[in-house]
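Take a look at the structure below.
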Amino acid sequence: MPPLLDAVKFLLSKIPLALKTTFSHIFGWSPTSQKWDLRTALTVTVLRDILCNSPPSTITEQQQATMHDPGVKGNMWISRVTIPPENALRDVLFTAIRSLGTRTEEFSKPLSEPITAEWTGHRANASAKTSEPAISEAEKFRCLMGEVKSDVTVLYFHGGSYYLMDPCTHRETVAGYAKLTQGRALSVRYRLAPQDPFPAALLDALTVYLSLLYPPENAFHNPVPPSHIVLAGDSAGGNLSTVLLQTILHLHRTAPPSTLPTVPFHGKHVPIPLPAGIALNSPSLDLTRSMHNTEIGTRYDYLPPPSLNPANSPPCTIWPADPPRADLFCEGNSLCHPLVSPVLADWTGAPPMYISCGQELVADECCFLAQSAARKGVMVVWEQYEAMPHCFAQILAGTRVSERALEGFARFIRDVVRAPGSIKTHGEFVEAKTLRSLAVDVRNLIDLDLDEVRRKAYCTRDNIVREFKGRR
């Protein structure tokens, strides 16, 4: 069936649900009527129906459906680059994985590969229909830099559960951050599971971070001071940002006192400093899914509830994996590793953090990481939005609540680069509709301790592995 007819058929199939949702909202029959506007109600209801009630599709089909490149138009500069591989980093990363784990976890040993990425900046004086100019990528980068007005460089990792989406699906969001920070962003096309499981994405992220600091030959950019770099991401991209930071923190902890750790990079041993900070939007931090708040998620979120078989899809050429494994992203016995589920990590010594989420399925893990970091002395800026779903700032773009959340994200990035000493730990709970802000204690967001969180995660991991073995 042609794509246009597919789209028409899909839209027609959702009309009854949309009408029911509209009437329930207008007449106050829905329990969320007092919290949401009509657009939010329709968006969440339709997304929930698609994710929970659609006919099963293969992982290949899901990837193809979420990676369509719409092209570049409007108020953005996009300059595509390829970052060369560095296999010397493999041993550094694999050693860190073994050191941070129990040494019983299994993980793949990927080679380093070329990484494509998109430099992204705001393009002033362009309309929504302005096309991408027919000039070289180097010239696009020069044009982009001509409009940059701050020192900010955002290293951005897109969401998508580690197996979906692409920088092209997040261009509007990333370009928005570039505009709000008056800086630039590098959006990374890291390797996706199940074709490239853990730690391939982390190896890519580490390579790109070092390439910002130490540009490879023929790179468009000059060396970027670490104090100008902010790691950022949404959902699984938030996970990748945090595990990249945790990897760098581990290298610092294991270096001789009062010295920066060094790593091999393109024939030299180079220092690897910490970035200025990290900014996270609805980060997915517990890949065992043991902390998923199904009570609140059922009410306000569109994400489906957790399952012991999270990759229950029809078979295709890429899934099940060969050899089979329990999880799309990693081996089942690695689900509790702190570089897979960073909610279990130690954040002592981390740079300032910004964490934003709704009242969503992953809210508890976001609360716990923010609380854990704040209790370790990390400066944490926390914003939680009442009744909002996963990644609401993107899916509800243009609404008042989205604009407020995006500005909070960008404000932190601007401040942590321009005046890092001004960042102090503080938290807000933002009420629905009114957007009234209530102060909260970041050190006491959730009544859980690390032992309890770890116990639940390990129990869930064991159940996932047991269920997987029972299917074989």
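The values are calculated or read from the model by the stated rules, or taken from the named source; none is laboratory data. This structure is a prediction, so every number in the text was calculated from the model and none was measured. We place every Cβ from the backbone using ideal geometry, glycine too, and count neighbours over all the protein chains shown.
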### Query
Of the conditions (1) surrounded by 15 or more Cβ atoms within 10 Å (Cβ to Cβ); (2) touching a helix residue (DSSP H, G or I) at 6+ places or on another chain (Cβ under 8 Å); (3) over 30 Å from Pro215 (Cβ atoms), Ala321 fails just one. Which one is it?
(2)
### Task
Provide a single number: the residues in the stretch 253-263 that are surrounded by fewer than 16 Cβ atoms within 10 Å (Cβ to Cβ) and closer than 17 Å to Phe94 by Cα.
4
### Residue match in the stretch 333-346 (condition: in a helix (DSSP H, G or I) and out of contact with any helix residue (DSSP H, G or I) (no Cβ under 8 Å at 6 or more places or on another chain))
yes
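Residue-wise test of (1) touching a helix residue (DSSP H, G or I) at 6+ places or on another chain (Cβ under 6 Å); (2) of a type in the set (Gly, Ala, Ser); (3) in the same structural domain as Thr288 (by TED's automatic domain parsing).
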| residue | (1), (2), (3) |
| --- | --- |
| Phe107 | yes, no, yes |
| Asn125 | no, no, yes |
| Ala138 | no, yes, yes |
| Glu147 | no, no, yes |
| Phe157 | yes, no, yes |
### Task
Pick out the one residue from Arg98, Arg103 that is at pLDDT below 95, over 30 Å from His122 (Cα atoms) and in the same structural domain as Thr247 (by TED's automatic domain parsing).
Arg103
### Query
Only one residue in Leu192, Leu280, Leu240 is within 30 Å of Pro31 (Cβ to Cβ), in contact (Cβ under 8 Å) with a residue 40 or more places away in the chain, crowded, with 20+ Cβ neighbours inside 10 Å and not small (Gly, Ala, Ser). Which one?
Leu280
#### Entry: Test: Leu287 is in contact with a helix residue (DSSP H, G or I) (Cβ under 8 Å, 6 or more places away or on another chain) and without any contact (Cβ under 8 Å) to a residue 60 or more places away in the chain
yes
#### Entry: Failed item in (1) touching a Gly at 6+ places or on another chain (Cβ under 7 Å); (2) part of a helix (DSSP H, G or I), with Trp77 passing the rest
(2)
### The lone exception for Leu213 - which of (1) of a type in the set (A, V, I, L, M, F, W, C); (2) under 18 Å from Thr262 (Cβ atoms); (3) touching an Asp or Glu at 6+ places or on another chain (Cβ under 9 Å) it fails
(3)
### Task
Taking the options His337, His390, name whichever one is within 28 Å of Ile50 (Cα to Cα), in contact with an Asp or Glu (Cβ under 8 Å, 6 or more places away or on another chain) and not β-branched (Val, Ile, Thr).
His390
### Message
Under 8 Å between Cβ atoms, which residue pairs at least 6 apart in sequence (or on different chains) link something in the stretch 436-448 that is in the same structural domain as Trp382 (by TED's automatic domain parsing) with a partner that is buried (at least 16 other Cβ atoms within 10 Å of the Cβ) and in a loop (DSSP other than H, G, I, E, B)?
### Response
Val442/Thr425; Arg443/Thr425
### Query
Taking into account only those residues within the stretch 211-231 that are hydroxyl-bearing (Ser, Thr, Tyr) and in a helix (DSSP H, G or I), which is farthest from Lys140 (Cα to Cα)?
Ser227
### Message
Being hydroxyl-bearing (Ser, Thr, Tyr), out of contact with any helix residue (DSSP H, G or I) (no Cβ under 9 Å at 6 or more places or on another chain) and part of a helix (DSSP H, G or I) is the filter here; which residues of the stretch 8-57 pass it?
### Response
Ser13
## Note on the structure
Within the stretch 92-125, residues of a type in the set (D, E, K, R), in contact (Cβ under 8 Å) with a residue 60 or more places away in the chain and surrounded by fewer than 21 Cβ atoms within 10 Å (Cβ to Cβ) come out as Glu105, Glu106, Glu113
### Task
Among the residues of the stretch 145-186, count how many are crowded, with 24+ Cβ neighbours inside 10 Å, within 17 Å of Val243 (Cα to Cα) and among the hydroxyl-bearing types (Ser, Thr, Tyr).
2
### Task
Can you give me the number of residues within the stretch 341-366 that are out of contact with any Cys (no Cβ under 8 Å at 6 or more places or on another chain) and of a type in the set (A, V, I, L, M, F, W, C)?
7
### Message
Among the numbered criteria (1) at pLDDT 95 or above; (2) on the phi > 0 side of the Ramachandran plot; (3) not aliphatic (A, V, I, L, M), which one does Lys433 miss?
### Response
(1)
